[in-house]
1. Only residues that are within 16 Å of the chain's Cα centre (by Cα) and of a type in the set (A, V, I, L, M, F, W, C): list them for the stretch 86-105, please.
2. Does MET63 satisfy the condition of being closer than 13 Å to ILE16 by Cβ, assigned by TED's automatic domain parsing to the domain that holds ALA25 and surrounded by 14 or more Cβ atoms within 10 Å (Cβ to Cβ)?
3. Among the residues of the stretch 66-116, how many are among the charged types (D, E, K, R), within 19 Å of ILE20 (Cα to Cα) and part of a helix (DSSP H, G or I)?
4. What single numbered condition from (1) touching a residue at least 60 places away in the same chain (Cβ under 8 Å); (2) within 23 Å of the chain's Cα centre (by Cα) fails to hold for PHE83?
5. Checking the conditions here, which among ARG30, ARG8 is in the same structural domain as ARG82 (by TED's automatic domain parsing) and closer than 15 Å to VAL81 by Cα?
Amino acid sequence: MSQRKLQRESVLLRAIQEVISRGLADPRIRGLVTVTGIKLSDDGKNASVMISVLPDDRQELTMHGLRAASRRIRRDAMDKVRFRDMPQLEFITDASIKEQGDLLAAINKASAQSQIEPSDSTQDDTDSSAGPEAERQTP
C-alpha cells in the first residue's frame with residue numbers, strides 16, 4: 001500500500017470522526033459512535049468507513065442514520081480535507097472493538113477465578129499447620 005493512500009485514509013478518518021462527533025441533526029444517530037478505520041479503494045473513488053457503536057442496542061438504528069446522512073458527512077468532511085476527488089462513503093459496522101472487549105472480559109473473569117482458587121487451598125494449609133504446633137506442646 002502506498003504512503004499516499006495511507007496518508008489520505010488517515011486524514012479522511014480524522015475528518016469524518018470530527019464531523020460525526022460534532023453531532024448530526026438526525027435523532028437516529030445516538031450513543032458512542034467511533035470511526036475505527038477506513039479502507040480507500042485503489043482508484044480513490046470509494047471509501048469503506050468502519051463504524052463501532054456503543055451500546056449495542058443502538059447500533060442498527062445509528063448505522064441507518066449514518067447511511068442516510070452520508071452525503072452531508074461527505075460534504076462536511078470535504079471542507080476539512082480539501083481532496084481534489086472526495087470518495088463516496090460507505091458505512092460498515094465494525095465489531096472488532098466489541099470482540100476485543102468480550103475477550104478482555106473473559107480474561108479478567110478467568111484471572112479473577114484463578115486468584116480465588118489458590119486462597120481456598122491456603123485455608124487447608126492453615127488447618128494442617130495446627131497439627132505440628134499441637135505436637136510440640138505434648139511432652
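1. PHE91, ILE92, ALA95, ILE97, LEU103, LEU104, ALA105 - these are the residues of the stretch 86-105 that are within 16 Å of the chain's Cα centre (by Cα) and of a type in the set (A, V, I, L, M, F, W, C).
2. So MET63 does not fit the description; no.
3. 8
4. (2)
5. The unique qualifying residue is ARG8.
The values are calculated or read from the model by the stated rules, or taken from the named source; none is laboratory data. Quick caveat: nothing in here was measured; it's all calculated off a predicted structure. Note that we place each Cβ from the backbone using ideal geometry, even for glycine, and neighbour counts take in every protein chain shown.
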